[in-house]
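The values are calculated or read from the model by the stated rules, or taken from the named source; none is laboratory data. This one's a predicted model, so the numbers in the text were calculated from it and none came from an experiment. Glycine also receives a Cβ, built like all others from the backbone with ideal geometry; neighbour counts cover every protein chain displayed.
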């Protein structure tokens with residue numbers, strides 16, 4: 001799939017990178033993280049938050065399977 005090319009196999013992604021793959025608003029993303037619908041973040045510092053690339057790739061795969069199943 002095309003999204004696999006834009007998500008590295010391993011590493012960390014910042015919020016703009018995540019939202020370029022999952023096109024929702026920042027507030028919707030943060031609410032999804034809070035609700036447990038989206039992967040938890042990794043804090044690298046006081047003002048630096050990332051997500052594991054493999055978690056985001058798994059989420060995209062899950063969302064695409066849900067969409068195909070409907």
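A few remarks follow.
- Yes/no for residue 8 being at pLDDT 90 or above and either under 10 Å from the mean Cα position of the chain (by Cα) or not in a helix (DSSP H, G or I) (or both): no
- Total residues in the stretch 11-23, condition assigned to a loop (DSSP other than H, G, I, E, B) and either surrounded by 13 or more Cβ atoms within 10 Å (Cβ to Cβ) or in contact with a strand residue (DSSP E or B) (Cβ under 9 Å, 6 or more places away or on another chain) (or both): 3
- All conditions in (1) assigned to a helix (DSSP H, G or I); (2) exposed (fewer than 14 other Cβ atoms within 10 Å of the Cβ) hold for residue 37, with the sole exception of (1).
- Consider the stretch 40-58 and keep the residues that are in contact with a helix residue (DSSP H, G or I) (Cβ under 9 Å, 6 or more places away or on another chain) and assigned to a helix (DSSP H, G or I). The one that is surrounded by the fewest Cβ atoms within 10 Å (Cβ to Cβ) is 53.
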